[in-house]
Amino acid sequence: MNNSIDEKIIKALEKLSLVIRTLLWDKTKQIGLSPIQIQFILFLVFHPDYETKVSTLAAEFNLTPATVSDAIRILTKKKLLMKIIPAHDKRIHYLKLTKKGTNLAREISSWQDSFLNQLHLFPDQQKEEAALFLMELITSLQKNGIIKIARMCISCEHFQKKARSTHQTTHYCKLTERYFSDSEITIDCSYYKNTAS
Ligand code: SF4
């Protein structure tokens, strides 16, 4: 058996991914929605100002537009989601959670509680280093086309790594004009701009 550190990392990530799937699956059974419907609701609640379309969700979750449309139809029928047609272009529509959908999203978010309780037990510095490593790994996977969308500072056009070396808040976001530290590097930022776009 190969015990290289790289293989150990893959196995550890596999296990964590299984834990996340299991916790989410338990929620889906309680609430009566499919895992992907729950993931759409969580995406929409965490990106309230994001102009989310069917194509956005399809790219984000690596699904076909037809699969996304089916899930959206069910969520709309359950009055968890509504379609917003912008005044400037009536051919498109954005997706937004209703009040009922937002309340449900809060309830669903509790799937993370047991995970967070364990994370709280670890020292901040260890978590910051782990978070940075994971974000760099995701960026590398994204650059090689293995992950399509990440929306993290370290691969964002607005990001200036170590813009100043004399402060703890060393990095700079050119869009928000804000300095920040390693621990404040954002993942899943609504204002992210891919360096390749
Ligand atoms: S726009 Fe968002 S992802 Fe990009 S550097 Fe600023 S905070 Fe980070």
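Bear in mind that the values in this text are calculations on the coordinates, not laboratory data. Note that the structure is predicted; figures quoted are calculated from it, not measured. When we count neighbours, we look across all protein chains shown, and the Cβ atoms used for this are built from the backbone with ideal geometry, even at glycine.
General observations
- Qualifying GluC sites (Glu not before Pro) in the stretch 1-70, DSSP loop, other Cβ atoms within 10 Å at most 15: E51
- Cross-link reach is defined here as a Cα-Cα straight distance under 15 Å, omitting same-chain residues fewer than 8 places apart; for K143 the aspartates and glutamates meeting it are E157.
- Relative contact order of the chain, pairs being alpha-carbon contacts under 8 Å that are 6 or more residues apart, as %: 15
- C-alpha long axis of helix 124-143 to longest principal axis of the chain, angle in °: 70
- Where GluC sites (Glu not before Pro) fall in DSSP loop in the stretch 111-160, at most 16 other Cβ within 10 Å: E157
- Checking every one of the trypsin sites (Lys or Arg not before Pro) in the stretch 1-110 against DSSP loop status and a limit of 15 other Cβ atoms within 10 Å picks out K78, K79, K90, R91.
- Over 24 Å between alpha carbons, listed pairs K77/K99; K79/K148; K77/K100; K15/K193: K79/K148; K15/K193
- Reference-scaled alpha-carbon Rg (2.2 N^0.38 Å with N residues) for the chain: 1.15
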